[in-house]
Structure formats: C-alpha cells, structure tokens
Amino acid sequence: MERIDLNFGVFEIHSQIIIGKMKEGIHYDIYKNKMLIKLIDTFYGTIKPFSYVCVRDKTYSIDPMIHKYNSRYENLCSIAVVERNLMSRSTVQIESKFFKPGKFCKFQSVTDAIVWADHQIALKRLEINHYKIYN
C-alpha cells in the first residue's frame with residue numbers, strides 16, 4: 001500500500017482499490033479530478049480494473065458531473081462512498097445518476113465498501129475474460 005497526499009486529499013493506493021479522503025472545505029472539480037486520474041494512471045494504467053472507495057468524514061463539495069466524466073474510464077469498475085454520519089445530508093443518490101448504473105453505492109463502513117468494490121472488480125474481470133473468449 002502506498003499513501004499519497006495531494007493538496008485536496010489523501011489517497012491509499014492498494015493492489016486494486018484506491019481509498020480516498022478529501023480534505024475539509026475543498027471543492028472537488030474537474031481540475032482536481034484530472035490530478036487524481038494522472039495518479040491513478042501511474043499505478044493502474046488504462047487497462048487494469050480498479051475501484052475507488054471514498055471515505056467522507058470531512059465536509060466538502062463535489063461537482064457531480066465529475067462522475068459523468070469518470071464513467072468513460074472502462075477500468076474504473078465502481079465507486080463506493082462511505083458515509084458514517086447518518087444525520088448529514090447525503091448527495092450519493094444524486095451523484096449516482098451521473099455514473100455507470102449500479103456501480104456507485106453508499107456504505108456505512110469501509111469494510112463493507114471494500115467487499116462490494118472487490119466484487120465489482122471480479123465482475124469486470126469476468127466480463128473481460130468473456131469478451132476475450134467470444135471475440
């Protein structure tokens with residue numbers, strides 16, 4: 001595992017999952033997203049399937065159109081959002097409409113998010129193998 005600290009968040013890079021925590025008060029926009037994608041490409045390239053787990057324990061804003069932009073990356077299998085505070089207002093339902101259907105989910109624990117993300121990666125690998133066999 002490698003830990004990377006960018007000016008807008010801290011990211012743990014694992015073999016097939018990135019766990020990210022944004023910093024308090026930032027606005028996550030296309031510029032910051034491109035910085036993160038550059039980092040992702042360094043570790044996973046454009047072919048290796050991976051998932052992103054976002055731990056939302058700070059207050060920050062996000063441009064939901066980022067998810068529409070990110071949905072074009074074939075090797076990004078899923079996004080799991082961990083929100084432990086049930087009292088805070090969640091934007092996950094709105095954000096999920098901009099990403100791949102069924103591949104953007106909310107969880108209360110990092111463990112549950114990772115289990116789901118691993119499953120999404122396994123499904124993607126099956127899809128890739130199926131495509132190779134029949135084409």
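Every number in this text was worked out from the coordinates using simple rules, so none of it is lab data. Keep in mind it's a predicted model, so treat the numbers as computed, not measured. Every residue, glycine among them, receives a Cβ derived from its backbone with ideal geometry; neighbour counts consider all protein chains shown.
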> Looking at the range 20-28, is at least one residue within 22 Å of residue 93 (Cβ to Cβ), surrounded by 18 or more Cβ atoms within 10 Å (Cβ to Cβ), in contact (Cβ under 8 Å) with a residue 60 or more places away in the chain and touching a Cys at 6+ places or on another chain (Cβ under 9 Å)?
Replying inline: no
> Any residue at all in the range 13-25 that is among the acidic types (Asp, Glu) and farther than 21 Å from residue 122 by Cβ?
Replying inline: yes
> Which of the residues that make up the range 41-53 are surrounded by fewer than 20 Cβ atoms within 10 Å (Cβ to Cβ) and in contact (Cβ under 8 Å) with a residue 12 or more places away in the chain?
Replying inline: 43, 44, 45, 46, 47, 48, 49
> Can you find even one residue in the range 109-129 that is within 16 Å of residue 57 (Cα to Cα) and part of a loop (DSSP other than H, G, I, E, B)?
Replying inline: yes
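Yes or no, residue by residue, for (1) surrounded by fewer than 13 Cβ atoms within 10 Å (Cβ to Cβ); (2) over 20 Å from residue 30 (Cβ atoms); (3) of a type in the set (Gly, Ala, Ser); (4) in contact (Cβ under 8 Å) with a residue 60 or more places away in the chain:
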position: 60; (1), (2), (3), (4): no, no, no, no
position: 65; (1), (2), (3), (4): no, no, no, no
position: 71; (1), (2), (3), (4): no, no, yes, no
position: 91; (1), (2), (3), (4): no, no, no, no
position: 108; (1), (2), (3), (4): yes, yes, no, no
